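Down below is the structure, laid out as structure tokens.
Each value in this text was obtained by applying a stated rule to the coordinates, not by laboratory testing. In this text the structure is predicted, and so the values were computed from the model without any measurement. Cβ placement follows ideal geometry from the backbone for every residue including glycine, while neighbour counts extend to all protein chains displayed.
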Amino acid sequence: MPQKPFVSAQEVAERAGVSRSAVSRTFTPGASVSPETRRRVVEAAEALGYHVNHLARGLMRNESGIVCLIVSEMSTPYRANLIRAMTQQLQNAGKIAMLINTDRSDGSVDLALRQAIRYRADASIILSGMPDRSITQLCLKNGQRLVLINRDDDQQGPLRINLDDAEAAGRVVTAFVRAGCRRLAFANSQAGTPSLMAREHGFVAAAKTMGLPVRVERHGPTDYESGRVLAQRLLTLSERPDAVFCATDLLACGFMDAARHQFRVAIPDQLCVVGFDDIEQAAWSSYDLTTFAQPVEMIAREAVAWLVNESGQAAGDDSVRFQPNLVWRSSVRGG
């Protein structure tokens, strides 16, 4: 015979010899129930294989416990690390994460989000600057709480979490100048997200205050292969740069490999390189990359705490800005 798909609370109550409400109180945190009743209900539930239907219970309170994570470039090391931290914090808070991939631009993102809304998702966290702003508007229109990470949307209501990318870029210029570098370059992708462009603009502006021009090159997606192409462009110039700030570590890894193996450039003796994100590969001995560490765990904690109304700082504010930490390694002279 086919196995029964679920066991009802009434069946647990009948087996335990208690009321239906006693079963409900047993599985409701903080509810009053005697130790003997709790014991009988738990034993009956275990024997029958009963599990609380949190979705149904939540919908009775107009809550589903579902939080959408709207993500692009989820295969990159930094994004994967942020997803890991965010899902762990959501689990700790008793929430369920629903992942929506926004890498495609054929309408599938809008369809996926509308499906999540039909499942009564309580909130969304947008983990990238790439999705169109209409996604933000759709979430808000449907009454979702919303957290925006590394975006420049100006709608009222969401919590916005950003890094001070421009200030970090200024610190890179100072490090390069102290290392004796004068021919600066910035290697970027063509993604054009707010965080990447803030690093670019901040770097160019800081260099300008010191009277130093910056050669900016952009190419393709924010990945390893784009870093290799950017190195080919910059290192075939008649006057090569002696310092390059790469918008992300993944770009920097590709850049460094091409510089060393294709152009025989010594790092840091002939070329200083700085990245951003402090991904695992940045600390590998083959790169030993000077970079900025994003406070991934703090970002995740702040986002989820705000969603469940437990945040001290963000509860009365709609914007949080973190300072990335500079991690010195051997890809810059004098570090």
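The string of couplings for the range 152-164 from the Karplus curve (6.51, -1.76, 1.60, θ = phi - 60°) is 10, 4, 10, 5, 7, x, x, 8, 10, 10, 9, 9, 8 Hz, one whole number per residue in order, with x for Gly and Pro. Within 12 Å, Cβ to Cβ, of residue 46, how many net charges do the neighbouring residues add up to if Lys/Arg are +1 and Asp/Glu are -1? Residues close to residue 46 contribute a combined charge of +2. The antiparallel fraction among DSSP beta bridges confined to the chain stands at about 10%.
Seen against the Cα atoms of the chain and their longest principal axis, helix 77-92 is set at about 20 degrees.
3J(HN,Hα) along the range 12-23, derived from phi through the Karplus expression 6.51 cos²θ - 1.76 cosθ + 1.60 where θ = phi - 60°, amounts to 5, 4, 5, 5, 7, x, 10, 7, 4, 5, 5, 5 Hz, with x in place of Gly and Pro. Entry note, the chain: relative contact order of 15 percent, from Cα contacts under 8 Å with a spacing of 6+ residues. Mind checking the angle between helix 35-48 and the chain's longest principal axis? C-alpha axes, 0 to 90 degrees, to the nearest 10. That helix lies at roughly 80 degrees to the long axis. Between residue 232 and residue 134, the contour length at 0.36 nm per residue exceeds the Cα-Cα span by 31.6 nm.
In order along the range 267-283, phi translates into HN-Hα couplings of 10, x, 4, 9, 8, 9, 9, 10, x, 8, 2, 6, 5, 3, 5, 4, 8 Hz, rounded to whole numbers, per the Karplus curve 6.51 cos²θ - 1.76 cosθ + 1.60 with θ = phi - 60° and x for Gly and Pro. Ordering 186, 334, 293 by the projection of their Cα atoms onto the charge dipole of the chain, which places +1 on the Cβ of Lys and Arg and -1 on the Cβ of Asp and Glu, puts 293 at the extreme positive end. Treating r as the C-beta distance of residue 93 and residue 257 and R0 as 41 Å, the FRET efficiency rounds to 0.50. If you take the alpha carbon atoms of the range 165-293 and fit the smallest convex hull around them, that volume is 90 Å³ per residue.
Longest stretch of the chain clear of exposed loop sites (trypsin sites (Lys or Arg not before Pro), DSSP loop, at most 12 other Cβ atoms within 10 Å, sites excluded): 105-263. Amide hydrogen proximity for residue 151: with H placed 1.01 Å from N in the peptide plane, the residues at 5 or more positions away or on another chain lying under 5 Å are 161. On the beta carbon distance between residue 208 and residue 118, with R0 = 51 Å, the FRET formula returns roughly 0.50. Straightening the chain between residue 46 and residue 155 buys 34.5 nm, computed as 0.36 nm per residue apart minus the Cα-Cα spacing. Against the chain, whose longest principal axis is taken from its Cα atoms, helix 165-178 shows a tilt of about 30°.
Here's how it looks for residue 322: its modeled amide H is under 5 Å from those of 162, 163, 164, which are all 5 or more places away or on a different chain. Backbone amide hydrogens, once placed in the peptide plane, bring residue 97 within less than 5 Å of 67, excluding anything fewer than 5 places away on its chain. Between the C-alpha center of the range 252-305 and that of the range 157-202 there is a gap of 14 Å.
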